[in-house]
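The values are calculated or read from the model by the stated rules, or taken from the named source; none is laboratory data. These numbers were taken from a predicted model, which means no experiment stands behind them. Cβ atoms come from the backbone with ideal geometry, glycine included; neighbour counts cover every protein chain shown.
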Amino acid sequence: MALLEIEDVVAGYGAGPDILTGVTLSIDEGTSYCIVGPNGAGKSTLLRTIAGILKPRAGEVRLDGTRMNGSRPDQMLAAGVCFVPQDASLFPTMTVRENLVMGGYLLGDRVLKRQRLEMVFETFPALADRKSQNAGTLSGGEQQMVTLGRSLMVEPKVVMIDEPSLGLAPMIADQIFEKIGGFRELGITVVLVEQNAVKGLESVDWGFVLDLGSKEFEGPADGILADPRIRELYLGKQLAPRERR
Amino acid sequence: MNWVQLLVLGLLLGSVYAMMASGLTLLFGVMRVVNLAHAAFILIASYITYLLFENLTLDPIVSLVITMPLMFGLGVIIYLVLFPRIEGSARYVEMTVLLTFGLALVVEGLLTFVFTGTFRSVRPAYVSTSIHVGDIFIPSNQLYASAVSFALLIGLWVLLRFTKTGTAIRATMQNRGAAQIVGVNVRRISAFAFGTGMALAGAAGSLLSFLFPFFPGKHWQWIALLLSLIVLGGMGSIKGAVIGALLLAIASAVVTDTFGPTWSPITFYLTLFLILLVRPQGLFGAKLRL
Amino acid sequence: MTHETEKLDTTDIPVVDQVDADVVPQRPDRAEGVISRRVALGLVVALILLFPVIAIPVFSSYAYVMQIGMLTLMWISMSSSWNIIGGFAGYISLGHGVFYAIGGYSAGLALAHWGISPFLFLPVAGLAAMAVGLLAGLITLRTRGPAFIVATIAMLFLFLLWFDNWEFIGASSGLDLPLVDIPVRWLKVPFYYAMALSAIGAVYLSYRIAHSKFGLGLRAISEDETKAEVAGINTRWYKVIAFSLSAYFIGTAGAVYGYSLTHLRPLTFFAIAVAARMVLMSIIGGRGTVAGPVVGAILIVGVNEFSVRQFGQTELNIVVTGAILVAALLFFPQGIVGSLRKSGRLPAFLDWD
């Protein structure tokens, strides 16, 4: 049984039109995924619907077989689904340390919190150096690391990351993708949404191509990258082939 | 009047203003609600205190024990009934202004209906006594009101700083989306924050009842003052509200002493306009995030 | 690959210039109808002008009817004007009572000190209000959203405090104006016509703005100010001009109304209930539409008269006003005209946009 199953999900914002028009896909434990597709395809919307920020208008979201439609984001987090949004989701006047501690908001046990915090600082040594710095004063890449580190505090089953490289210089983006790669070693299932389709697909196992609110295609990530027709149709002609790392 | 006297009077009154303003700020900071009815609710508490005093001879400060939980409950109910409907709308903040505006009108009308327009006040013994410290004379009622206000402000600080709920409230004030992501139940926290803001309004009502005479239409003066104070301090900043309140009260004491009582509100609004010309986000505000 | 791929003809792929399409909101589709818009508007104006004549044989309490008529026209004038800044531009002002007062007092002073009839002084009263609107707008519009609303409240209180203490205009006890020398039965008729001028002017202004590039710009500002700025609209000037334009016909209304009262007091003009009603009428009628405030004004005046008949001139009126506002916001935020348009059922004679 898949970890996360999304079946025929329809969703939209407020009273607006359907952005997702019937998405079906499944996420297996331990695999890493990237969702790509043109602007407006519904990639972020999909993540938000799974995270519980948006309620599906139709269809089902299942975690470990249990129907999770309409759960609140805090409930989804408690169930192990962590969402890292694309806009600054930090607390700007809190320090790095305090931001990370907030990641452990749901944890009751103070000892556990401290242990996890140590673990996060080990995984992100750059953050350990800036423990007491106000999060609002960090660089883009450092802020992204805080949000990633924060997600580790609850030891999630799934981490869904919306546009990790947005606004970051290529070298910094590479570092972020390295860290995301590290998540896989920790056994966390990673689901990315990436506008930079090449970078995104290069760092995962499996890819979903979304367009007009539904899944157009799925397959092994390197297969998608290699297929010129998919590239042309969905990923834009201007993407030049990159050397695989 | 000498400087120190003015300073002391200003601080005393300012602490009451500060408590009122911090309740209002809480509502804005956590839920982006601009509560035009805040002073109307303060009035409700004043009238309740009045009833308790007239009929049960209950000391107004003691009646805090009743008005605060009552207003907390009222706040939670109002929040849950009214606000979820407009939550998704594009002009949410504006809607809260209009909604609470309507609410204020309803409250005022009902209060007039029940209590008529007669000026009321609560007059426990300490309204007419005062304390002398050296050269300074301190009216007892102001002293007690101020002491309670300070205590409540400290209580608020402790709540926000050291409790899990308080941390959740602060997080939600800083970034609602982020708070949601880390597992804060923002709906529940918002309701709690609304209740807390209203509880502070309840306390203010009980305290004001023996500081100034009141009638149903009085809340407009108060809310204009409080809102201007918050804009001056920078919306969403409790620190700004407190500092603004203290500064205002001290300036008000000085102006009243020098030019007479009518001038003090005029100078305040003029100052507000001047500051808005130069610094539209207020003293401590960030560029307003709507 | 599960489906065929033809060679994509790139000319088929639509290029949507996102910024433009978003920034310039589409005007709503015109409704077809039996009565065309021009005819409808013409009929309405004719009706307004002829009403005092028609009403003579119909109503026994003629003076009362004329009074109601004058008040309705006054509120039409005021809510339509408020709608320019509050509806088209989306900036809620709770301080527009200031312009009402300026109109009333400037005309009153002109009468008391120089003997100029307010009926003649009307346009100047409007200009006075507009001038204040310009100055006040320059300051208050430095803020946005809730801070703006608070700034307008502060503006209201500032002027109230000033007028309440200004001996030259009689301070809080007020200013007496000479009575108009006309028998009681016909007394309100000239006021009715003066107010009609104001109301027609206000609606016409509103109509012209709605159909102009300026109006489109205001709408863009109300939908997304940042995008409007980026698209090159000088948002600051647009807002300030809208704010001052919105003052004009509130000033004229104030001039006529003050004269009809013969005694001016600050509280009459600065009362929060005035702002409340302007806002309520626009919202319940349909904010941002031309016909909305008119519909709202007629409706609220009607409701108010009814409730005064039923409950007497009591504070329950205020409760009703507040309750209707709350209900409208929760269930009808588009207002009557707005909701009708949305569901496609707006009759042409109300579609003035």
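Listed values, structure above:
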{"quantity": "Test set (1) part of a helix (DSSP H, G or I); (2) in contact with a helix residue (DSSP H, G or I) (Cβ under 8 Å, 6 or more places away or on another chain) - C:A46 fails condition number", "calculated": "(2)"}
{"quantity": "Sole residue being in a helix (DSSP H, G or I), buried (at least 22 other Cβ atoms within 10 Å of the Cβ) and either in contact with a Pro (Cβ under 6 Å, 6 or more places away or on another chain) or without any contact (Cβ under 8 Å) to a residue 24 or more places away in the chain (or both), chosen from B:L51, B:L82, B:L110, B:L99", "calculated": "B:L99"}
{"quantity": "Some residue of region C:294-311 being of a type in the set (D, E, K, R) and part of a helix (DSSP H, G or I)", "calculated": "yes"}
{"quantity": "Those residues of region C:147-176 which are assigned to a helix (DSSP H, G or I), away from chain B (no Cβ under 11 Å) and among the aliphatic types (A, V, I, L, M), in sequence order", "calculated": "C:I169"}
{"quantity": "Contacts under 7 angstrom Cβ, first residue in region C:204-228 being at negative phi, partner outside any helix (DSSP H, G or I) and surrounded by fewer than 16 Cβ atoms within 10 Å (Cβ to Cβ), 6 or more apart", "calculated": "C:R219/C:P25; C:A220/C:P25; C:E223/C:P25"}
{"quantity": "Subset tally (residues that are among the aliphatic types (A, V, I, L, M) and closer than 30 Å to B:V127 by Cα) for region B:60-99", "calculated": "9"}
{"quantity": "Residue ID - farthest from B:G177 (Cα to Cα), chosen from residues in region A:39-65 that are of a type in the set (D, E, K, R) and surrounded by 20 or more Cβ atoms within 10 Å (Cβ to Cβ)", "calculated": "A:K43"}
{"quantity": "Residue that is farthest from the other protein chains (Cβ to nearest Cβ), among those in region B:113-126 that are surrounded by fewer than 16 Cβ atoms within 10 Å (Cβ to Cβ) and in a helix (DSSP H, G or I)", "calculated": "B:A125"}
{"quantity": "Residue count for region C:325-336, restricted to those that are within 11 Å of another protein chain (Cβ to nearest Cβ) and either part of a helix (DSSP H, G or I) or within 21 Å of B:W220 (Cα to Cα) (or both)", "calculated": "7"}
{"quantity": "Test: residue in region B:243-264 that is in a helix (DSSP H, G or I), of a type in the set (A, V, I, L, M), within 9 Å of chain C (Cβ to nearest Cβ) and touching a Ser or Thr at 6+ places or on another chain (Cβ under 8 Å)", "calculated": "no"}
{"quantity": "Qualifying position, being out of contact with any Gly (no Cβ under 7 Å at 6 or more places or on another chain) and closer than 22 Å to C:L94 by Cβ, among C:S198, C:S222, C:S173", "calculated": "C:S198"}
{"quantity": "Check on C:L127, farther than 25 Å from C:I283 by Cβ, surrounded by fewer than 21 Cβ atoms within 10 Å (Cβ to Cβ) and within 14 Å of chain B (Cβ to nearest Cβ)", "calculated": "no"}
{"quantity": "Any chance A:G141 is crowded, with 17+ Cβ neighbours inside 10 Å, within 14 Å of another protein chain (Cβ to nearest Cβ) and under 20 Å from A:S203 (Cβ atoms)", "calculated": "no"}
{"quantity": "In region A:219-245, the residues that are at pLDDT 80 or above and either buried (at least 18 other Cβ atoms within 10 Å of the Cβ) or more than 21 Å from the chain's Cα centre (by Cα) (or both)", "calculated": "A:A221, A:G223, A:I224, A:L225, A:A226, A:D227, A:P228"}
{"quantity": "Where C:G322 falls short, out of the listed (1) assigned to a helix (DSSP H, G or I); (2) more than 11 Å from chain B (Cβ to nearest Cβ)", "calculated": "(2)"}
{"quantity": "Region C:229-286, subset small (G, A, S) and closer than 11 Å to C:M78 by Cβ, residue surrounded by the most Cβ atoms within 10 Å (Cβ to Cβ)", "calculated": "C:G254"}
{"quantity": "Extreme residue, farthest from the other protein chains (Cβ to nearest Cβ), among residues of region A:66-94 that are more than 18 Å from the chain's Cα centre (by Cα) and surrounded by fewer than 17 Cβ atoms within 10 Å (Cβ to Cβ)", "calculated": "A:R67"}
{"quantity": "Condition met for C:S81 (in contact (Cβ under 8 Å) with a residue 40 or more places away in the chain, closer than 30 Å to C:D224 by Cα and among the hydroxyl-bearing types (S, T, Y))", "calculated": "yes"}
{"quantity": "Search result, residues across region A:37-53 that are under 16 Å from A:E5 (Cα atoms), within 11 Å of chain B (Cβ to nearest Cβ) and of a type in the set (A, V, I, L, M)", "calculated": "A:A51"}
{"quantity": "Residues being in contact (Cβ under 8 Å) with a residue 40 or more places away in the chain and surrounded by fewer than 23 Cβ atoms within 10 Å (Cβ to Cβ) - total across region A:120-138", "calculated": "5"}
{"quantity": "Count of region A:172-188 residues which are closer than 15 Å to A:V146 by Cβ and more than 15 Å from the chain's Cα centre (by Cα)", "calculated": "2"}
{"quantity": "Residue that is within 14 Å of chain B (Cβ to nearest Cβ), hydroxyl-bearing (S, T, Y) and free of Cβ contacts under 8 Å to residues at least 60 places away in the same chain, where the choices are C:S339, C:S307", "calculated": "C:S307"}
{"quantity": "Residue that is more than 16 Å from C:G103 (Cβ to Cβ), in contact with a helix residue (DSSP H, G or I) (Cβ under 6 Å, 6 or more places away or on another chain) and not hydrophobic (A, V, I, L, M, F, W, C), where the choices are C:G137, C:G133", "calculated": "C:G137"}
